[in-house]
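J.: Before I ask anything, here is the structure I am working with.
The values are calculated or read from the model by the stated rules, or taken from the named source; none is laboratory data. As the structure is a computational prediction, the values presented were derived from the model and not from experiment. Virtual Cβ from ideal backbone geometry, glycine too; neighbours counted across all protein chains shown.
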Amino acid sequence: MGARAASSQGLIARARLWEPAAIGRLLSVIENHPERWPDLQRQLEESRPAGSVSTTSRVVGVTGPPGAGKSTLLDKLLENLVGRGMRAAVIAVDPSSPFSGGAVLGDRTRMGAAAHDPRVFIRSVASRGAAGGVADSTAAMLVLLKNLGFPVVIVESVGAGQSEIAIAQLTDFRIVLCPPGLGDDVQALKAGILEIADVLVISKGDLPGSELTEREMRSAVGLRRGRKPPAVMRVSAVTGLGVAELVGEIIQGI
Ligand SMILES: Nc1nc2c(ncn2[C@@H]2O[C@H](COP(=O)(O)OP(=O)(O)OP(=O)(O)O)[C@@H](O)[C@H]2O)c(=O)[nH]1
Ligand SMILES: [Mg+2]
């Protein structure tokens, strides 16, 4: 066995013990050396302890326009999940920051207590350039985190453009946030990302105008053709309205 294979086996063993530094290093290998992923994936499969990995882990996409309240809501979802005794891993795809420092710290600093709970693993990924590249490395990261046995793996991404639709396609369950007061941007939301939603969350449900947005979206989703319309839920990260119900939807069947 080469030195590199031995070192990744060591990392995998430590990652299976939920050691954050080891998980982080494996994710860095995927991000910076995508050519090593096939080997890494094979090692993961070979070292998978029998019966220990949940076969029903769920990959959840949280998406919506910039500032919709994704990170704040995610913190509440994580708090609720760990309160139920569940581990969770988060990949936050941050397209806005060209500085890796911003991407690494940006989302976590906006999250509260749950981001520091030892049962929660969070990694930010700067999407920088190529859309396909982000989707490819994100796909590999999700496979890794599922394989490590996280029952819930969440991807936060901004719902604008092709890379987000590509990321959405990697998920089992998709939550699209729509904050009140989007105005004409609602049209764009309806035309694009809304098509993929399993649950449409009217975020910032404590704000005036959110009930109107909820009514508008309820009538809009009924028009979606081909698939069952998404559930519409008004949720507030501030008051906690709807948070437990949303988590109930996420973990249904796990
Ligand atoms: N009133 C109210 N404000 C909220 C709520 N959730 C988030 N906010 C505020 O909305 C702003 C944006 O929240 P974020 O959670 O950073 O939104 P985001 O969608 O992650 O933003 P980006 O990652 O930059 O796209 C912050 O100022 C939050 O405090 C909520 O439930 N109610
Ligand atoms: Mg965010």
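J.: What number of residues in segment 116-152 are assigned to a helix (DSSP H, G or I) and either modelled with pLDDT under 75 or among the charged types (D, E, K, R) (or both)?
T.: 7
J.: In segment 164-213, how many residues are in contact with a Cys (Cβ under 8 Å, 6 or more places away or on another chain), modelled with pLDDT of 75 or more and under 30 Å from LEU145 (Cα atoms)?
T.: Total meeting the criteria: 4.
J.: OK, next. Need pairs with beta-carbon distance below 6 Å; first residue polar (S, T, N, Q) and within segment 230-245, second in a loop (DSSP other than H, G, I, E, B); sequence gap 6+ or separate chains.
T.: Qualifying pairs under 6 Å: SER236/GLY205; SER236/ASP206; THR239/ASP206.
J.: Oh, and also: Out of all the residues in segment 43-58, is one or more closer than 17 Å to THR138 by Cβ, in the same structural domain as ALA168 (by TED's automatic domain parsing) and either among the hydroxyl-bearing types (Ser, Thr, Tyr) or in contact with a strand residue (DSSP E or B) (Cβ under 7 Å, 6 or more places away or on another chain) (or both)?
T.: yes
J.: Which ones in segment 193-224 are without any contact (Cβ under 8 Å) to a residue 12 or more places away in the chain and part of a loop (DSSP other than H, G, I, E, B)?
T.: GLY222, LEU223
J.: Give the number of residues within segment 9-27 that are free of Cβ contacts under 8 Å to residues at least 40 places away in the same chain, within 20 Å of ALA89 (Cα to Cα) and surrounded by 12 or more Cβ atoms within 10 Å (Cβ to Cβ).
T.: 7
J.: Within segment 58-73, does at least one residue satisfy the condition of being away from ligand 1 (no atom under 16 Å from the Cβ) and not hydrophobic (A, V, I, L, M, F, W, C)?
T.: Within segment 58-73, one or more residues are away from ligand 1 (no atom under 16 Å from the Cβ) and not hydrophobic (A, V, I, L, M, F, W, C).
J.: OK, next. Restricting attention to segment 46-58, does a residue exist that is part of a strand (DSSP E or B) and either of a type in the set (Val, Ile, Thr) or at pLDDT below 90 (or both)?
T.: no
J.: Against the definition (surrounded by fewer than 21 Cβ atoms within 10 Å (Cβ to Cβ), away from ligand 1 (no atom under 16 Å from the Cβ) and not in a loop (DSSP other than H, G, I, E, B)), how does ARG227 come out, yes or no?
T.: no
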